[in-house]
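Before any comments, here is the structure.
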Amino acid sequence: MQLSFSPLVKQTANAVVNVYAEKTVQSRSPFADDPFFEQFFGQRMPNRSEKQSSLGSGVIVGKNGIVVTNYHVITDADNIKIALADGREFETSVMLKDERLDLAVLKVKSDGPFETVPLGDSDAVEVGDLVLAIGNPFGVGQTVTSGIVSALARNQVLSGDFGFFIQTDAAINPGNSGGGLIDMNGQLIGINTAIFSRGGGSNGVGFAIPANLVKVFVASAEGGNGSFTRPFIGASFEPVTSEVADALGLDRARGALVSSVIEGGPAEKAGIKPGQVIIAVNGIAVEHPDALGYRLTTVGIGHIARVTISENGKERDIELALAEAPETSPRDERLIEGRNPFSGAVVGNLSPRLADELRMPAASQGVVITQINRGSPAARVGFRPKDIIVAVNGTPVDKSTTLETIAKEDPSLWRVEIERDGQRIRQFFR
(Lines give C-alpha, C1' and ligand atoms only; values in the text may rest on other atoms or scores of the structure.)
Protein backbone atom coordinates (compact mmCIF):
# COMPACT_ATOMS: atom_id res chain seq x y z
CA MET A 1 0.00 0.00 0.00
CA GLN A 2 1.31 3.44 -0.92
CA LEU A 3 -0.27 6.63 0.40
CA SER A 4 0.24 9.73 -1.77
CA PHE A 5 -1.18 13.18 -2.39
CA SER A 6 -0.13 12.87 -6.05
CA PRO A 7 -3.63 12.31 -7.52
CA LEU A 8 -4.92 15.35 -5.63
CA VAL A 9 -2.02 17.50 -6.81
CA LYS A 10 -2.59 16.47 -10.43
CA GLN A 11 -6.25 17.39 -10.03
CA THR A 12 -5.63 20.93 -8.72
CA ALA A 13 -2.09 22.16 -9.41
CA ASN A 14 -2.73 23.35 -12.98
CA ALA A 15 -5.28 25.87 -11.66
CA VAL A 16 -2.77 27.50 -9.28
CA VAL A 17 -0.80 30.19 -11.08
CA ASN A 18 2.12 32.54 -10.53
CA VAL A 19 1.20 36.22 -10.44
CA TYR A 20 3.74 38.79 -11.66
CA ALA A 21 2.89 42.40 -10.81
CA GLU A 22 4.96 45.24 -12.26
CA LYS A 23 4.76 48.93 -11.43
CA THR A 24 6.71 52.02 -12.45
CA VAL A 25 8.09 54.26 -9.70
CA GLN A 26 9.84 57.59 -9.92
CA SER A 27 13.24 57.70 -8.24
CA ARG A 28 14.34 61.19 -7.29
CA SER A 29 17.81 62.18 -8.41
CA PRO A 30 20.18 62.80 -5.47
CA PHE A 31 21.32 65.96 -7.25
CA ALA A 32 17.84 67.40 -7.75
CA ASP A 33 17.51 71.02 -6.56
CA ASP A 34 21.25 71.15 -5.87
CA PRO A 35 22.37 74.70 -6.87
CA PHE A 36 25.95 73.53 -7.63
CA PHE A 37 24.79 71.03 -10.26
CA GLU A 38 22.11 73.38 -11.57
CA GLN A 39 24.85 75.98 -12.17
CA PHE A 40 26.75 73.59 -14.41
CA PHE A 41 23.85 71.81 -16.12
CA GLY A 42 21.59 74.86 -16.34
CA GLN A 43 18.50 72.88 -15.45
CA ARG A 44 17.15 70.56 -12.87
CA MET A 45 18.46 67.03 -12.85
CA PRO A 46 15.70 64.84 -14.27
CA ASN A 47 14.11 62.18 -12.06
CA ARG A 48 14.44 58.64 -13.29
CA SER A 49 11.70 56.05 -13.56
CA GLU A 50 12.31 52.41 -12.77
CA LYS A 51 10.20 49.29 -12.73
CA GLN A 52 9.60 47.21 -9.63
CA SER A 53 8.23 43.69 -9.71
CA SER A 54 6.51 41.58 -7.09
CA LEU A 55 5.72 37.90 -7.16
CA GLY A 56 2.80 36.01 -5.70
CA SER A 57 0.33 33.27 -6.48
CA GLY A 58 -3.28 32.99 -7.58
CA VAL A 59 -6.02 30.43 -8.12
CA ILE A 60 -8.21 30.07 -11.23
CA VAL A 61 -11.81 29.67 -10.07
CA GLY A 62 -13.59 30.30 -13.39
CA LYS A 63 -13.09 28.49 -16.72
CA ASN A 64 -13.26 31.88 -18.45
CA GLY A 65 -10.09 32.98 -16.63
CA ILE A 66 -11.30 34.37 -13.30
CA VAL A 67 -8.31 34.40 -10.92
CA VAL A 68 -8.34 35.13 -7.18
CA THR A 69 -5.25 36.47 -5.44
CA ASN A 70 -4.31 38.83 -2.61
CA TYR A 71 -4.64 42.60 -2.82
CA HIS A 72 -1.11 43.08 -1.50
CA VAL A 73 0.27 41.00 -4.39
CA ILE A 74 -1.00 43.42 -7.06
CA THR A 75 -1.04 46.74 -5.14
CA ASP A 76 -0.54 49.74 -7.47
CA ALA A 77 0.60 47.47 -10.29
CA ASP A 78 0.63 48.85 -13.84
CA ASN A 79 0.92 45.46 -15.49
CA ILE A 80 -0.15 42.07 -14.12
CA LYS A 81 0.64 38.72 -15.72
CA ILE A 82 -0.06 35.17 -14.69
CA ALA A 83 1.97 32.09 -15.57
CA LEU A 84 0.44 28.62 -15.65
CA ALA A 85 2.20 25.52 -14.40
CA ASP A 86 2.91 24.53 -18.03
CA GLY A 87 4.81 27.79 -18.64
CA ARG A 88 2.19 29.73 -20.62
CA GLU A 89 1.83 33.41 -19.70
CA PHE A 90 -1.19 35.70 -20.04
CA GLU A 91 -1.95 39.37 -19.49
CA THR A 92 -4.73 40.13 -17.01
CA SER A 93 -6.97 43.01 -15.94
CA VAL A 94 -8.24 43.80 -12.44
CA MET A 95 -11.96 43.20 -12.00
CA LEU A 96 -12.19 44.03 -8.30
CA LYS A 97 -9.83 44.59 -5.40
CA ASP A 98 -10.24 45.43 -1.71
CA GLU A 99 -7.43 46.34 0.66
CA ARG A 100 -9.41 45.62 3.82
CA LEU A 101 -10.16 42.04 2.82
CA ASP A 102 -6.77 41.65 1.06
CA LEU A 103 -8.49 40.11 -1.95
CA ALA A 104 -8.35 40.81 -5.68
CA VAL A 105 -10.05 39.26 -8.70
CA LEU A 106 -8.24 39.22 -12.05
CA LYS A 107 -9.54 38.39 -15.53
CA VAL A 108 -7.20 36.64 -17.94
CA LYS A 109 -7.13 38.26 -21.37
CA SER A 110 -7.85 34.99 -23.15
CA ASP A 111 -10.97 33.02 -23.94
CA GLY A 112 -9.67 29.83 -22.35
CA PRO A 113 -11.08 27.50 -21.20
CA PHE A 114 -8.85 27.10 -18.15
CA GLU A 115 -8.58 24.40 -15.54
CA THR A 116 -10.14 25.47 -12.24
CA VAL A 117 -10.31 24.59 -8.57
CA PRO A 118 -13.92 24.50 -7.31
CA LEU A 119 -14.73 26.70 -4.31
CA GLY A 120 -15.54 24.58 -1.27
CA ASP A 121 -17.54 25.26 1.89
CA SER A 122 -15.12 26.69 4.43
CA ASP A 123 -17.77 26.39 7.17
CA ALA A 124 -17.54 22.61 6.81
CA VAL A 125 -13.80 22.68 7.61
CA GLU A 126 -12.80 21.25 10.99
CA VAL A 127 -9.63 21.48 13.03
CA GLY A 128 -7.45 18.51 12.18
CA ASP A 129 -8.51 18.23 8.52
CA LEU A 130 -5.68 17.47 6.10
CA VAL A 131 -4.90 20.27 3.64
CA LEU A 132 -2.45 21.17 0.88
CA ALA A 133 -0.95 24.61 0.30
CA ILE A 134 0.01 25.29 -3.33
CA GLY A 135 1.91 28.39 -4.46
CA ASN A 136 5.23 29.80 -5.61
CA PRO A 137 7.38 30.47 -2.51
CA PHE A 138 10.45 32.67 -3.02
CA GLY A 139 9.90 32.44 -6.79
CA VAL A 140 11.44 28.95 -6.98
CA GLY A 141 8.44 27.55 -8.88
CA GLN A 142 5.18 25.86 -8.02
CA THR A 143 5.48 24.10 -4.68
CA VAL A 144 3.09 21.85 -2.75
CA THR A 145 3.19 21.48 1.03
CA SER A 146 0.88 19.53 3.31
CA GLY A 147 -0.43 19.97 6.83
CA ILE A 148 -3.61 20.21 8.83
CA VAL A 149 -6.10 22.88 9.79
CA SER A 150 -4.67 24.14 13.09
CA ALA A 151 -7.48 26.50 14.13
CA LEU A 152 -10.50 28.39 12.85
CA ALA A 153 -11.88 31.92 13.20
CA ARG A 154 -8.50 33.46 13.99
CA ASN A 155 -8.52 37.24 14.34
CA GLN A 156 -5.95 39.97 15.07
CA VAL A 157 -3.71 38.46 12.40
CA LEU A 158 -3.33 41.47 10.08
CA SER A 159 -3.41 45.21 10.79
CA GLY A 160 -6.58 45.65 8.72
CA ASP A 161 -10.15 45.47 9.99
CA PHE A 162 -10.83 41.96 8.70
CA GLY A 163 -10.24 39.23 11.27
CA PHE A 164 -11.43 35.74 10.38
CA PHE A 165 -8.82 33.29 9.13
CA ILE A 166 -8.19 29.57 8.80
CA GLN A 167 -4.90 28.69 10.49
CA THR A 168 -2.74 25.90 9.07
CA ASP A 169 0.67 24.38 9.71
CA ALA A 170 1.21 23.63 6.01
CA ALA A 171 4.41 25.49 5.09
CA ILE A 172 3.59 28.95 3.68
CA ASN A 173 6.40 31.32 2.69
CA PRO A 174 6.77 34.66 0.87
CA GLY A 175 5.43 34.12 -2.64
CA ASN A 176 2.70 31.76 -1.43
CA SER A 177 0.39 34.76 -0.95
CA GLY A 178 -2.70 34.34 -3.10
CA GLY A 179 -2.15 30.60 -3.49
CA GLY A 180 -4.66 27.94 -2.64
CA LEU A 181 -5.39 26.00 0.53
CA ILE A 182 -6.91 22.77 -0.81
CA ASP A 183 -8.87 20.10 1.09
CA MET A 184 -8.82 16.36 0.44
CA ASN A 185 -11.79 16.67 -1.92
CA GLY A 186 -9.77 18.89 -4.25
CA GLN A 187 -11.75 21.99 -3.31
CA LEU A 188 -10.46 25.45 -2.49
CA ILE A 189 -11.17 26.21 1.17
CA GLY A 190 -8.96 29.28 1.53
CA ILE A 191 -6.61 31.80 -0.08
CA ASN A 192 -3.23 31.82 1.68
CA THR A 193 -2.48 35.34 2.81
CA ALA A 194 -0.21 35.68 5.86
CA ILE A 195 2.31 33.98 8.14
CA PHE A 196 3.65 34.56 11.61
CA SER A 197 7.43 34.54 11.29
CA ARG A 198 10.42 36.20 12.90
CA GLY A 199 12.88 35.41 10.13
CA GLY A 200 10.61 35.56 7.08
CA GLY A 201 10.32 31.80 6.65
CA SER A 202 7.62 29.34 7.62
CA ASN A 203 7.22 28.52 11.30
CA GLY A 204 4.13 26.43 10.79
CA VAL A 205 1.72 29.28 11.54
CA GLY A 206 0.00 30.34 8.32
CA PHE A 207 -3.37 31.92 7.66
CA ALA A 208 -5.88 31.73 4.81
CA ILE A 209 -8.97 33.76 3.91
CA PRO A 210 -11.99 31.40 4.02
CA ALA A 211 -13.52 30.30 0.70
CA ASN A 212 -17.03 31.40 1.68
CA LEU A 213 -15.84 35.01 1.78
CA VAL A 214 -14.03 34.49 -1.53
CA LYS A 215 -17.33 33.31 -3.08
CA VAL A 216 -19.10 36.54 -2.12
CA PHE A 217 -16.18 38.62 -3.38
CA VAL A 218 -16.00 36.81 -6.73
CA ALA A 219 -19.77 37.16 -7.17
CA SER A 220 -19.44 40.90 -6.59
CA ALA A 221 -16.68 41.11 -9.22
CA GLU A 222 -18.69 39.14 -11.75
CA GLY A 223 -21.66 41.42 -11.06
CA GLY A 224 -19.63 44.37 -12.34
CA ASN A 225 -19.30 46.18 -9.02
CA GLY A 226 -16.47 48.69 -8.86
CA SER A 227 -15.99 48.18 -5.14
CA PHE A 228 -16.90 45.60 -2.53
CA THR A 229 -19.52 46.72 -0.04
CA ARG A 230 -20.10 45.04 3.28
CA PRO A 231 -23.43 45.12 5.12
CA PHE A 232 -24.20 48.13 7.30
CA ILE A 233 -25.30 47.00 10.76
CA GLY A 234 -25.73 50.37 12.45
CA ALA A 235 -24.11 49.28 15.70
CA SER A 236 -20.69 48.95 17.28
CA PHE A 237 -19.44 45.93 19.16
CA GLU A 238 -16.85 44.92 21.74
CA PRO A 239 -15.32 41.53 22.65
CA VAL A 240 -16.88 39.64 25.54
CA THR A 241 -14.33 39.25 28.34
CA SER A 242 -14.63 36.68 31.12
CA GLU A 243 -15.76 39.43 33.52
CA VAL A 244 -18.46 40.58 31.11
CA ALA A 245 -19.56 36.98 30.54
CA ASP A 246 -20.00 36.45 34.29
CA ALA A 247 -21.96 39.69 34.64
CA LEU A 248 -24.29 38.81 31.75
CA GLY A 249 -24.84 35.20 32.74
CA LEU A 250 -22.99 33.65 29.80
CA ASP A 251 -21.47 30.20 30.23
CA ARG A 252 -18.25 31.37 28.60
CA ALA A 253 -16.62 34.42 27.02
CA ARG A 254 -17.97 34.43 23.48
CA GLY A 255 -19.92 36.60 21.08
CA ALA A 256 -20.08 40.31 20.25
CA LEU A 257 -21.26 42.75 22.92
CA VAL A 258 -23.41 45.57 21.56
CA SER A 259 -21.86 48.82 22.85
CA SER A 260 -23.91 51.36 20.87
CA VAL A 261 -26.69 51.49 18.29
CA ILE A 262 -27.22 54.14 15.62
CA GLU A 263 -30.67 55.67 15.56
CA GLY A 264 -32.66 54.55 12.53
CA GLY A 265 -30.11 51.90 11.51
CA PRO A 266 -30.81 48.24 10.71
CA ALA A 267 -29.81 47.11 14.22
CA GLU A 268 -32.26 49.48 15.93
CA LYS A 269 -35.06 48.50 13.52
CA ALA A 270 -34.43 44.85 14.36
CA GLY A 271 -34.66 45.55 18.09
CA ILE A 272 -30.99 45.22 18.96
CA LYS A 273 -30.01 47.23 22.05
CA PRO A 274 -26.78 48.09 23.90
CA GLY A 275 -25.85 45.47 26.48
CA GLN A 276 -27.08 42.54 24.42
CA VAL A 277 -24.66 39.91 23.11
CA ILE A 278 -24.89 38.41 19.62
CA ILE A 279 -23.78 34.78 19.90
CA ALA A 280 -24.77 33.28 16.53
CA VAL A 281 -25.74 34.12 12.94
CA ASN A 282 -27.96 31.65 11.05
CA GLY A 283 -27.22 29.06 13.73
CA ILE A 284 -23.42 29.36 13.44
CA ALA A 285 -21.64 30.46 16.63
CA VAL A 286 -20.01 33.88 16.72
CA GLU A 287 -16.74 33.87 18.65
CA HIS A 288 -15.88 37.59 18.56
CA PRO A 289 -16.91 40.87 16.82
CA ASP A 290 -14.70 40.11 13.81
CA ALA A 291 -16.50 36.79 13.37
CA LEU A 292 -19.83 38.63 13.42
CA GLY A 293 -18.67 40.91 10.61
CA TYR A 294 -17.51 37.90 8.62
CA ARG A 295 -20.76 36.01 9.08
CA LEU A 296 -22.91 38.95 8.03
CA THR A 297 -20.68 39.66 5.02
CA THR A 298 -21.01 36.09 3.76
CA VAL A 299 -24.80 36.31 4.14
CA GLY A 300 -24.69 39.30 1.79
CA ILE A 301 -26.45 42.60 1.19
CA GLY A 302 -30.14 42.28 0.40
CA HIS A 303 -30.62 39.18 2.53
CA ILE A 304 -32.06 38.56 6.00
CA ALA A 305 -29.76 37.19 8.71
CA ARG A 306 -31.16 35.24 11.65
CA VAL A 307 -29.27 36.63 14.63
CA THR A 308 -29.24 34.90 18.04
CA ILE A 309 -29.12 37.31 20.96
CA SER A 310 -28.35 36.58 24.61
CA GLU A 311 -29.93 38.92 27.18
CA ASN A 312 -30.41 38.37 30.92
CA GLY A 313 -29.36 34.75 30.52
CA LYS A 314 -32.00 34.05 27.85
CA GLU A 315 -31.54 33.53 24.12
CA ARG A 316 -33.82 34.56 21.29
CA ASP A 317 -33.63 34.92 17.51
CA ILE A 318 -34.35 38.09 15.55
CA GLU A 319 -34.21 38.94 11.86
CA LEU A 320 -31.69 41.52 10.70
CA ALA A 321 -32.07 43.02 7.22
CA LEU A 322 -28.68 43.58 5.58
CA ALA A 323 -28.26 46.69 3.44
CA GLU A 324 -25.57 49.08 2.24
CA ALA A 325 -24.42 51.89 4.47
CA PRO A 326 -26.60 54.92 3.64
CA GLU A 327 -25.31 58.32 2.58
CA THR A 328 -27.62 60.20 4.93
CA SER A 329 -26.17 63.53 3.83
CA PRO A 330 -24.43 64.28 0.50
CA ARG A 331 -20.67 64.12 0.99
CA ASP A 332 -20.18 67.28 -1.10
CA GLU A 333 -16.39 66.89 -1.21
CA ARG A 334 -14.51 70.15 -1.78
CA LEU A 335 -10.86 71.09 -2.21
CA ILE A 336 -10.00 73.99 0.10
CA GLU A 337 -7.76 76.58 -1.53
CA GLY A 338 -6.31 79.98 -0.71
CA ARG A 339 -4.17 81.41 2.09
CA ASN A 340 -5.31 79.34 5.06
CA PRO A 341 -4.11 76.29 7.03
CA PHE A 342 -6.66 74.04 5.28
CA SER A 343 -5.38 74.77 1.78
CA GLY A 344 -4.75 71.52 -0.10
CA ALA A 345 -7.20 69.47 1.96
CA VAL A 346 -10.25 67.75 0.47
CA VAL A 347 -13.15 67.72 2.93
CA GLY A 348 -16.58 66.11 2.88
CA ASN A 349 -19.71 65.63 4.98
CA LEU A 350 -19.64 62.43 7.02
CA SER A 351 -22.29 59.76 6.61
CA PRO A 352 -22.29 56.04 7.47
CA ARG A 353 -21.17 55.27 3.90
CA LEU A 354 -18.27 57.73 3.87
CA ALA A 355 -17.30 56.63 7.39
CA ASP A 356 -17.17 53.02 6.18
CA GLU A 357 -14.97 53.98 3.22
CA LEU A 358 -12.59 55.80 5.56
CA ARG A 359 -12.69 53.01 8.17
CA MET A 360 -14.14 55.30 10.79
CA PRO A 361 -16.88 54.53 13.34
CA ALA A 362 -20.27 54.49 11.62
CA ALA A 363 -21.66 57.03 14.10
CA SER A 364 -19.03 59.66 13.19
CA GLN A 365 -20.51 63.03 12.25
CA GLY A 366 -19.25 66.36 10.94
CA VAL A 367 -16.85 67.52 8.25
CA VAL A 368 -13.92 65.18 7.66
CA ILE A 369 -10.66 65.49 5.74
CA THR A 370 -10.69 62.75 3.10
CA GLN A 371 -7.44 63.61 1.32
CA ILE A 372 -4.47 65.97 1.66
CA ASN A 373 -2.28 67.03 -1.25
CA ARG A 374 1.39 66.41 -0.68
CA GLY A 375 3.37 69.53 0.17
CA SER A 376 0.26 71.66 0.72
CA PRO A 377 -0.20 74.03 3.68
CA ALA A 378 -2.63 71.52 5.22
CA ALA A 379 0.05 68.83 5.08
CA ARG A 380 2.73 71.13 6.49
CA VAL A 381 0.70 72.14 9.54
CA GLY A 382 0.01 68.50 10.39
CA PHE A 383 -3.57 67.78 9.31
CA ARG A 384 -4.30 64.16 8.46
CA PRO A 385 -6.99 62.26 6.55
CA LYS A 386 -9.87 61.27 8.88
CA ASP A 387 -9.43 64.43 10.98
CA ILE A 388 -12.88 65.86 11.76
CA ILE A 389 -12.98 69.68 11.71
CA VAL A 390 -15.13 70.60 14.72
CA ALA A 391 -14.78 74.40 14.86
CA VAL A 392 -12.71 77.24 13.41
CA ASN A 393 -12.30 80.55 15.26
CA GLY A 394 -15.24 79.64 17.50
CA THR A 395 -17.61 78.87 14.61
CA PRO A 396 -18.93 75.28 14.52
CA VAL A 397 -18.23 73.51 11.22
CA ASP A 398 -21.32 71.52 10.24
CA LYS A 399 -20.90 71.31 6.45
CA SER A 400 -18.09 71.36 3.92
CA THR A 401 -19.52 74.60 2.50
CA THR A 402 -19.23 76.17 5.96
CA LEU A 403 -15.52 75.37 6.12
CA GLU A 404 -15.01 76.67 2.58
CA THR A 405 -16.62 79.98 3.54
CA ILE A 406 -14.57 80.30 6.74
CA ALA A 407 -11.36 79.49 4.82
CA LYS A 408 -11.86 82.58 2.64
CA GLU A 409 -11.51 84.85 5.67
CA ASP A 410 -8.13 86.35 6.59
CA PRO A 411 -7.84 86.53 10.40
CA SER A 412 -4.55 87.22 12.10
CA LEU A 413 -4.92 84.02 14.11
CA TRP A 414 -6.55 80.71 13.23
CA ARG A 415 -8.03 78.78 16.17
CA VAL A 416 -8.87 75.27 15.02
CA GLU A 417 -10.52 72.43 16.94
CA ILE A 418 -10.38 68.95 15.44
CA GLU A 419 -11.30 65.42 16.49
CA ARG A 420 -8.70 62.75 15.83
CA ASP A 421 -9.20 59.11 16.86
CA GLY A 422 -11.83 60.15 19.37
CA GLN A 423 -9.73 62.89 20.99
CA ARG A 424 -10.27 66.65 20.76
CA ILE A 425 -7.23 68.68 19.70
CA ARG A 426 -6.98 72.49 19.67
CA GLN A 427 -4.40 74.15 17.44
CA PHE A 428 -3.39 77.75 16.72
CA PHE A 429 -1.93 79.05 13.45
CA ARG A 430 -0.80 82.51 12.36
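Annotations
- Only alpha carbons enter this Debye calculation for the range 304-430, each as an equal point scatterer, and the log10 of I(q)/I(0) it gives at q = 0.14, 0.16, 0.18, 0.19 Å⁻¹ is -0.62, -0.75, -0.90, -0.99.
- Charge dipole (debye, nearest 20) of the chain; +1 at Cβ of Lys and Arg, -1 at Cβ of Asp and Glu: 780
- Relative contact order computed over the chain (Cα-Cα under 8 Å; 6+ residues apart), in percent: 9
- Listed pairs Lys97/Lys386; Lys10/Lys107; Lys81/Lys386; Lys23/Lys97; Lys10/Lys81 exceeding 28 Å between Cα atoms: Lys81/Lys386
- Rounded to the nearest 20 debye, dipole of the range 62-125 from Cβ charges on Lys, Arg, Asp, Glu: 180
- Theoretical ellipticity at 222 nm over the chain - DSSP helices of four or more residues, -39500 (n - 2.57) apiece, nearest 500: -4000 deg cm²/dmol
- The largest accessible area among Glu263, Glu333 belongs to the first residue in Glu263, Glu333, and the rest follow in falling order (1.4 Å probe, all chains).
- Around Gln187: net Lys/Arg minus Asp/Glu count, Cβ-Cβ under 13 Å: -3
- Think of a 1.4 Å ball rolled over the protein heavy atoms: the range 194-281 then has 46 Å² of accessible area per residue.
- The HN-Hα couplings worked out from phi for the range 307-323 by the Karplus form 6.51 cos²θ - 1.76 cosθ + 1.60 (θ = phi - 60°) are 9, 9, 10, 10, 8, 6, x, 10, 10, 8, 9, 10, 9, 10, 7, 9, 9 Hz, whole numbers, x standing for Gly and Pro.
- Accessible surface computed residue by residue for the range 328-369, with neighbouring protein chains in place and a 1.4 Å probe, gives 45 Å² per residue.
- Principal axis extents of the Cα atoms in the range 257-305, from largest to smallest and rounded to whole angstrom, are 25, 24, 16.
- Per the Debye formula on identical point scatterers at the alpha carbon atoms of the chain, with no solvent, log10 I(q)/I(0) at q = 0.06, 0.13 Å⁻¹ is -0.33, -1.20.
- Projecting the Cα atoms of Leu248, Gly206, Leu335 onto the dipole axis of the chain, where Lys and Arg carry +1 and Asp and Glu carry -1 at the beta carbon, places Leu335 farthest toward the positive end.
- Efficiency of FRET from Cβ geometry, Asp421 and Arg374, R₀ 22 Å, rounded to 0.05: 0.50
- Carbon and sulfur %, accessible surface of the chain computed with the full protein complex present, 1.4 Å: 47
- Rounded to whole Å, the principal axis extents of the Cα atoms in the range 155-312 read 47, 41, 29, largest first.
- Comparing Gly120, Gly186, Val131 along the charge dipole axis of the range 67-202, the residue lying farthest to the positive side is Val131, per the Cβ-charge model.
The values are calculated or read from the model by the stated rules, or taken from the named source; none is laboratory data. It should be emphasised that the depicted structure is a prediction, and the values quoted were computed from it without experimental measurement. Using ideal geometry, Cβ is built from the backbone for each residue, glycine included, and neighbour counts are taken over all protein chains shown. Protein only, heavy atoms only, side chains kept; ligands, DNA and RNA dropped before computing areas. Shrake-Rupley method; radii C 1.70, N 1.55, O 1.52, S 1.80 Å.
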